[in-house]
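The values are calculated or read from the model by the stated rules, or taken from the named source; none is laboratory data. Quantities reported herein were computed from a predicted structural model and do not represent experimental measurements. Positions of Cβ are backbone-derived with ideal geometry, glycine not excepted, and every protein chain shown enters the neighbour counts. Accessible surface areas use protein heavy atoms only, side chains included; no ligands, DNA or RNA. Shrake-Rupley method; radii C 1.70, N 1.55, O 1.52, S 1.80 Å.
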Amino acid sequence: MNNKVQKMVSIALFASMGLVLQYVAFPIIPMFEFLKVDFSDIPVMLSMFLFGPVAGIVTAFLRSSLHLLTTGLSAPNMVGDVASFIATTVFTLPMYYFFNKSYKSSYKISGVVSGILSMSIVMSIANYFVITPLYLFFFNVGADNFLGMPLANYVVMGILPFNLIKGTIVSVVFLILHAKLLPWLSKKQSFIEQRTFSK
C-alpha cells in the first residue's frame, strides 16, 4: 500500500471514528439540553496533526457528510451538519497553527485558547445571523416560542457558554491524547513512509 493510499485510508478511518463519536453526546447546559458535547473533533485533530490541515478539513467534511447521510437529508439536519463542520474547522485550525510552530507549553496554551475563542465567537455570530434563524424558519416558529427567549439572549446564555465549555472539555482530552498517542502514531506513520520509499 503506497503512501497516498495509506493516507486516504487513514482519513476515512478517522472520519468514521468521528461519526461514531458524534452519536455519543451529552448535554452540559440544563436549560438547553439539545446543545450536546461530543468528541468527534478528536479524530479530526489527530488526522490534521498527522497529515496536515487539509487532511483535517477533509476528515471533518467526511464526518459531517456521513452524519447527514445517516440521519436523513432534511434541511434542518443539513443546517446542523454544516454548523458542525464550521465549528470543527474554526476550532482545530488555530490549534494546529500554534502546536505546529512549537511544542513549547506557551504555544500549546495559545493554540487551545485561540481555538476555543475562535469557535465560540464564530458560532455565536453564525447562530445569531444564520444558523438559528434557519432552524426557526424551517420549523416555522418564533424564537420566543421555540427557545423561550429572544434570539440574542439564547446566543449569550446558550451558544456562547456551550462552545466555551465544549472547547475546554475537548481540548483537555486532546492534550492528553497529544501527549500519549500522537507521538506513537507519528512514529508509525514515519515507519510506513520509510518502507514505502525503500521499495
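Worth a mention:
- Within the stretch 29-42, if we keep just the residues that are crowded, with 17+ Cβ neighbours inside 10 Å and under 13 Å from the mean Cα position of the chain (by Cα), the residue that is farthest from MET149 (Cα to Cα) turns out to be ILE42.
- Filter pass, VAL79 being farther than 24 Å from MET8 by Cβ, touching a residue at least 40 places away in the same chain (Cβ under 8 Å) and either of a type in the set (A, V, I, L, M) or crowded, with 20+ Cβ neighbours inside 10 Å (or both): yes
- First in the stretch 89-115 and more than 17 Å from VAL44 (Cβ to Cβ), second anywhere and open to solvent by less than 30 Å² (accessible area, probe 1.4 Å), Cβ under 7 Å, 6 or more apart: TYR107/PHE99; LYS108/PHE99
- Some residue of the stretch 75-87 being farther than 22 Å from LEU160 by Cα and not in a helix (DSSP H, G or I): no
- Screening the stretch 106-149 for residues that are touching a helix residue (DSSP H, G or I) at 6+ places or on another chain (Cβ under 8 Å) and among the aromatic types (Phe, Trp, Tyr) and picking the one that is surrounded by the fewest Cβ atoms within 10 Å (Cβ to Cβ) gives PHE139.
- Filter pass, VAL130 being among the hydrophobic types (A, V, I, L, M, F, W, C) and either in contact (Cβ under 8 Å) with a residue 12 or more places away in the chain or closer than 23 Å to SER47 by Cβ (or both): no
- Qualifying position, being under 24 Å from LEU160 (Cα atoms), of a type in the set (Phe, Trp, Tyr) and either open to solvent by 10 Å² or more (accessible area, probe 1.4 Å) or modelled with pLDDT under 95 (or both), among PHE91, PHE51, PHE26, PHE14: PHE26
- So SER47, is it among the small types (Gly, Ala, Ser), in a helix (DSSP H, G or I) and more than 17 Å from PHE174 (Cβ to Cβ): no
- Candidate set: the stretch 151-171, residues that are among the β-branched types (Val, Ile, Thr) and within 14 Å of the chain's Cα centre (by Cα); chosen: the one nearest to ILE28 (Cα to Cα): ILE165
- When THR70 is tested against (1) farther than 19 Å from ASN127 by Cβ; (2) touching an Asp or Glu at 6+ places or on another chain (Cβ under 9 Å); (3) free of Cβ contacts under 8 Å to residues at least 60 places away in the same chain; (4) loosely packed, with under 15 Cβ neighbours inside 10 Å, exactly one condition is not met: (2).
- Matching option when the condition is in contact with a helix residue (DSSP H, G or I) (Cβ under 7 Å, 6 or more places away or on another chain) and either of a type outside the set (Asp, Glu) or not in a loop (DSSP other than H, G, I, E, B) (or both), among VAL58, VAL20: VAL58
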